[in-house]
1. For the stretch 127-165, give me the residue count where each residue is out of contact with any Lys or Arg (no Cβ under 6 Å at 6 or more places or on another chain), near the ligand (Cβ under 9 Å from one of its atoms) and closer than 30 Å to E57 by Cα.
2. What tally of residues in the stretch 122-141 results from selecting those that are closer than 19 Å to V83 by Cβ and buried (at least 19 other Cβ atoms within 10 Å of the Cβ)?
3. Taking L189 as meeting all but one of (1) within 13 Å of the ligand (Cβ to nearest atom); (2) among the aliphatic types (A, V, I, L, M); (3) not in a strand (DSSP E or B), write down the number of the exception.
4. Could you check how many residues of the stretch 169-186 are touching a strand residue (DSSP E or B) at 6+ places or on another chain (Cβ under 8 Å), within 12 Å of the ligand (Cβ to nearest atom) and not hydrophobic (A, V, I, L, M, F, W, C)?
5. Any idea which residue in the stretch 113-126 is farthest from the ligand (Cβ to nearest atom), counting only those that are within 16 Å of the chain's Cα centre (by Cα) and hydroxyl-bearing (S, T, Y)?
6. Can you name the condition, by its number, that S84 falls short on among (1) surrounded by 14 or more Cβ atoms within 10 Å (Cβ to Cβ); (2) closer than 25 Å to P58 by Cβ?
7. Condition check: assigned by TED's automatic domain parsing to the domain that holds K157 and at pLDDT below 95. Does K89 satisfy that?
8. Condition check: in contact (Cβ under 8 Å) with a residue 24 or more places away in the chain, closer than 25 Å to P76 by Cβ and surrounded by fewer than 18 Cβ atoms within 10 Å (Cβ to Cβ). Does P192 satisfy that?
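The values are calculated or read from the model by the stated rules, or taken from the named source; none is laboratory data. Since the structure is predicted, the reported quantities are computational estimates derived from the model, not experimental observations. FYI the Cβ positions are ideal-geometry reconstructions off the backbone, even for glycines, and counts take in every protein chain you see.
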Amino acid sequence: MKRNLKLLIDRKGRRFLINVIPGGKSHFHHGTILHDEILAGKTHIVSSKGAKFVVMEPSLEDYVLKMPRRAQIVYPKESSRIVSLLDLKDGDRVLEAGSGSGSLTLFLGRAVAPSGLVVSYDVRPEHQAQAIKNVEGWKEEIPVEWRIGKVEEVPEKSFYDAIVLDLPTPWVVIPYIKDALKPSGRIVLYLPNIPQITRAVSSLAENDFVNITTMEILVRNWEIDGERGIAHPEMRMVSHTAFLVYAIYLPST
Ligand SMILES: C[S@@+](CC[C@H](N)C(=O)[O-])C[C@H]1O[C@@H](n2cnc3c(N)ncnc32)[C@H](O)[C@@H]1O
């Protein structure tokens, strides 16, 4: 169900995602916010205890970082890179596994909308149910076909422009899914550990993938305050999330 999501940002830069409904209230430790003030179009509101908030439309990144999770998500820093590596655009067809919490599905689906499609598999119905809730809770129409089962069972041949695997043993899966890709189609694997990478890269090479490239996406925010003479990396950061392995499918026949 589509919701009327808004992002509230307080003076310390803390961000709160709320679903705004007529007559609704949100309670924070710095007071209560009346939703009707937001529905009246105010962009700056004050809580019952005098705290000030800016009201904004949440970005997809804001939403994904706040939405409920059943499985560990792909972070936006990787999702955006994956969209670029796979060169996704309106009309493309993408095969994804697993659906997990739907974080990556949202970025893939937005990239191929409105006329493309993401086909998203998961072996665990409870994970996919969370992914469906999260995708349907986002304000944009995301074109997804949900399938329960092993991605190895995908029936289509030479159908997908791209494949993304975020599951623990892609080397088991690759021989079964490669023919679902069009020749010259692209694949990205999302893998947290180096032992997984070595097995996955060997499997890609044995299965007609070329241009195999392994990378890590590092984002380091800096705290800058000229008046106080501060210029250093932020103390707290998400450092390692996972590696990305990219490759192109070039079957010899
Ligand atoms: C880490 S989660 C995926 C998170 C997702 N990418 C996101 O951003 O929210 C991994 C998922 O892969 C599923 N999975 C594992 N092996 C699978 C397979 N062979 N086929 C389909 N899904 C699989 C698991 O059930 C789990 O939900």
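1. 4
2. Final tally of qualifying residues: 4.
3. The single condition L189 does not satisfy is (3).
4. Qualifying residue count for the region: 1.
5. S120
6. All conditions pass for S84, except number (1).
7. So K89 fails the test.
8. Yes; evaluated as a whole, the condition is true for this residue.
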